[in-house]
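Just below is one structure, and these are the notes that go with it.
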Amino acid sequence: MIYVTRKSHFNAAHRLHNPNKSEEWNKTTFGKCNNPNWHGHNYILEVTVAGVPDPDTGYVIDLGILKKIIEEKILDKCDHKNLNLEVPFLKGIIPTSENLVKAFFQELEDDINRVAFDTSTLYCVKLFETERNIAEYCPNPRI
């Protein structure tokens, strides 16, 4: 199995806030990340496709096509946006790194799997919120 990863970055604002809880609970639970005036991150996104290289091309996936899908499905929708207010596919979720990485995987999955070679599939999405805070979503880790 070969794992091919495309790295991208984007900047976005968000607020960690659970509308079903009190203001005090939110302040205690999320601290500075609950700022009602938002806060931002310089995110790094890694998208990994796993597979056996195609015998005709040697590719697991065409990285140019993967780049275009990531741009269309994630970057164009999230870069320099408020993740709580401006991104329809994130509506109703608390935009923690854990929730974002799963939502990004789901947003990318169909398009990537449609263009990947027969023996390849979207394997994992990793999101660096900061240099030290990273979330990774790999729903099929045994690939």
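Values in this text are rule-based calculations from the coordinates and carry no lab data. These numbers come from a predicted model, not from an experiment. Note that we place each Cβ from the backbone using ideal geometry, even for glycine, and neighbour counts take in every protein chain shown.
Of all residues in the range 49-86, those satisfying the criterion of being touching a residue at least 24 places away in the same chain (Cβ under 8 Å), within 30 Å of residue 39 (Cα to Cα) and aliphatic (A, V, I, L, M) are 66, 69, 70, 74, 75, 83.
Selection of the range 117-137 for residues being under 16 Å from residue 66 (Cβ atoms) and part of a strand (DSSP E or B) yields 120, 121, 122, 123, 124, 125, 126. Answer yes if at least one residue in the range 122-142 is among the aromatic types (Phe, Trp, Tyr) and free of Cβ contacts under 8 Å to residues at least 40 places away in the same chain, and no otherwise. For the range 122-142, residues among the aromatic types (Phe, Trp, Tyr) and free of Cβ contacts under 8 Å to residues at least 40 places away in the same chain: present. Whenever a residue of the range 13-42 is farther than 16 Å from residue 133 by Cα, its partners that are β-branched (Val, Ile, Thr) and surrounded by 10 or more Cβ atoms within 10 Å (Cβ to Cβ), lying with C-beta atoms within less than 8 angstrom and at least six residues away or across chains, give the pairs 17/94; 18/29; 18/94; 21/29. Put simply, of 20, 34 the only residue that is in contact with an Asp or Glu (Cβ under 9 Å, 6 or more places away or on another chain), of a type in the set (S, T, N, Q) and more than 20 Å from residue 136 (Cβ to Cβ) is 34. Listed conditions (1) in a helix (DSSP H, G or I); (2) farther than 21 Å from residue 94 by Cβ are all met by residue 28, apart from (2).
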